[in-house]
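Shown next, in structure tokens, is the structure this report addresses.
The values are calculated or read from the model by the stated rules, or taken from the named source; none is laboratory data. As the structure is a computational prediction, the values presented were derived from the model and not from experiment. Using ideal geometry, Cβ is built from the backbone for each residue, glycine included, and neighbour counts are taken over all protein chains shown.
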Amino acid sequence: MENQGNTESNEKIIEEEKKEEENILGNTDFPIEGMEEITYLNCRFKKISNLHLCPNLNYLCLRRNLITEISGLSPVPQLRELELYDNKIKKIEGLSSCVNLEILDLSYNLIRTIENLETLTNLKKLFLISNKIVKIEGLSALQNLHLLELGANRIKTIENLEGLSNLKELWLAKNKITKIENISHLTTLEVLSIAANKLESIEGVETLVNLYQLLVNENKITEIQNVSTLTELNTFDLSDNLISKIQNIDTLQNLEEFWLTNNKVELFTELENLSKLRNLKTVYLERCPVYFFPDYKMKILQVCPGIKQIDALMVNNY
């Protein structure tokens with residue numbers, strides 16, 4: 001019986017070792033040889049390995065694994081897209097050979113510092129959502145960057161974006177930012193999201209004349225101001241703030257989506273100001289005090305006869 005117990009124990013050990021061996025990128029169960037695109041999700045890989053087997057690799061996606069460090073990429077300098085979303089990575093490193101990289105996603109990791117990106121001069125999109133980043137830095141070499149996503153980090157100040165002259169989208173939601181600053185030079189910006197922060201006012205956006213979407217919902221903003229120059233604006237999200245007056249919007253003639261859900265607007269006279277927005281298609285005022293008046297929706301239809309949607313319902317459903 002003792003020998004039988006030892007045999008079972010040895011078999012278990014061998015089985016566990018085999019299981020560990022199976023979770024290696026490039027072995028027989030996870031083949032990559034000759035591939036140009038690789039996607040393996042939730043395979044419990046602990047490292048990036050065997051990329052010499054696919055010298056023409058363009059796309060590598062290893063989401064939801066157990067990778068702790070970025071390494072093993074030197075055999076694929078032509079790599080254009082790298083997704084290591086939801087791993088255990090603590091540091092940005094091992095990317096110096098990836099000079100052709102255009103998209104890098106390191107979201108949902110354990111990164112504290114933006115660093116070691118100097119050679120990625122062709123990078124166009126950088127995703128660092130939900131890490132532990134406290135400061136915007138280390139981006140000056142990324143002059144071709146079009147999209148920067150730093151949502152759900154611990155950032156308090158918008159800074160060190162001077163070199164990003166071609167940036168089109170800046171996503172900073174769910175941080176600890178108290179002021180819109182140091183972005184006046186980003187005149188190519190089309191999307192700006194600073195939702196779910198600690199803003200008390202709209203400022204520092206006057207030079208962003210190409211802005212198409214401005215998303216500053218879930219803050220503590222009390223007044224619509226400093227947006228008169230944003231004449232290309234299509235979507236303006238001010239939901240979940242402290243705004244009581246609809247004002248300073250006369251010049252926003254391209255605005256189609258205006259979201260003011262859960263603010264402090266309570267007077268019917270404020271709704272009349274919506275008539276200045278000739279291309280308005282959708283307006284949200286749900287959970288504002290004015291929303292609870294019986295004739296609220298009819299009043300909007302009177303002042304905005306071209307409106308297509310009021311809150312969650314299309315106009316033709318009334």
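Descriptive notes on the structure:
- 1 or more residues more than 23 Å from Ile133 (Cα to Cα): qualifying strands (runs of 3 or more DSSP E) within the range 59-109: 59-61
- Test: Ile300 is part of a helix (DSSP H, G or I) and free of Cβ contacts under 8 Å to residues at least 40 places away in the same chain: yes
- With respect to the conditions (1) surrounded by fewer than 20 Cβ atoms within 10 Å (Cβ to Cβ); (2) under 19 Å from Glu206 (Cβ atoms), Pro294 lacks only one, and its number is (2).
Yes or no, residue by residue, for (1) of a type outside the set (A, V, I, L, M); (2) assigned to a loop (DSSP other than H, G, I, E, B):
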position	(1), (2)
Leu123	no, yes
Ala141	no, yes
Gly151	yes, yes
Arg154	yes, yes
Leu170	no, no
Ala173	no, yes
Ile180	no, yes
His185	yes, yes
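- Scanning the range 252-270 for residues that are hydrophobic (A, V, I, L, M, F, W, C) and out of contact with any strand residue (DSSP E or B) (no Cβ under 9 Å at 6 or more places or on another chain) yields Val265, Leu267, Phe268.
- Residue match in the range 241-263 (condition: without any contact (Cβ under 8 Å) to a residue 40 or more places away in the chain, surrounded by fewer than 18 Cβ atoms within 10 Å (Cβ to Cβ) and of a type in the set (A, V, I, L, M, F, W, C)): yes
- When Leu53, Leu73 are checked against the criterion of being more than 30 Å from Glu149 (Cβ to Cβ), modelled with pLDDT of 95 or more and of a type in the set (A, V, I, L, M), Leu53 stands alone in meeting it.
- The single condition from (1) in contact (Cβ under 8 Å) with a residue 12 or more places away in the chain; (2) over 24 Å from the mean Cα position of the chain (by Cα) that Pro294 fails is (1).
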